[in-house]
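Here the structure comes first, spelled out in structure tokens, and everything after it is commentary.
The values are calculated or read from the model by the stated rules, or taken from the named source; none is laboratory data. This is a predicted model, so every value here is computed, not measured. Here the Cβ positions follow ideal geometry from the backbone for every residue, glycine too, while neighbour counts run over all protein chains shown.
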Amino acid sequence: MSLNSDEVRRIAQLARLAVDDREAEEFAAGLSDIFDFVEALNAAEIGGVEPMAHPLDAEQRLRPDAVSEPDQRELFQAIAPAVDGGLYLVPRVIE
């Protein structure tokens, strides 16, 4: 599909964009190149190709699910200004 400068000016008018004659010619050429590329992609044979999320068949490396830090809850709550039932109490900020 090929666009000419008149079609580009019409599209620009519909989009309420100001386009002069030089820009209309440049946009027509650029958009025509994009349409040609899309047509070339559509011509590719993709029958029987299964969709995939990633081109490489790789797995995410995960760290082991193991405790790596000691439990310091009592230490942290001992220095907190206000604690009740294992929860930190904070002043109300929203009235």
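Just a few scattered comments:
- Within the range 76-86, the set of residues being of a type in the set (A, V, I, L, M) and within 42 Å of the chain's Cα centre (by Cα) comprises ALA80, VAL83.
- Flag if ALA58 is in contact with a strand residue (DSSP E or B) (Cβ under 7 Å, 6 or more places away or on another chain) and outside any helix (DSSP H, G or I): no
- Selection status of GLU45, surrounded by 10 or more Cβ atoms within 10 Å (Cβ to Cβ), among the charged types (D, E, K, R) and within 30 Å of SER2 (Cβ to Cβ): no
- Flag for GLU25 being at pLDDT 90 or above and farther than 30 Å from TYR88 by Cβ: yes
- Listed by first and then second residue, the pairs with beta-carbon distance under 6 Å, at least 6 apart or on different chains, first residue in the range 13-41 and under 14 Å from LEU3 (Cβ atoms), second among the hydrophobic types (A, V, I, L, M, F, W, C) and outside any helix (DSSP H, G or I), are ALA28/LEU3; LEU31/LEU3; SER32/LEU3; PHE35/MET1.
- Close contacts from the range 62-78, counting a first residue that is assigned to a helix (DSSP H, G or I) and a second that is among the β-branched types (Val, Ile, Thr), with Cβ to Cβ under 8 Å and a gap of 6+ residues or different chains, come to GLN77/VAL83.
- Members of the range 34-89 found to be in contact with a Pro (Cβ under 9 Å, 6 or more places away or on another chain) and of a type outside the set (A, V, I, L, M, F, W, C), listed by number: TYR88
- Candidate set: the range 23-55, residues that are of a type in the set (D, E, K, R) and assigned to a helix (DSSP H, G or I); chosen: the one farthest from the chain's Cα centre (by Cα): GLU25
- Annotation: of all residues in the range 1-22 being of a type outside the set (D, E, K, R) and outside any helix (DSSP H, G or I), the one that is modelled with the lowest pLDDT is MET1.
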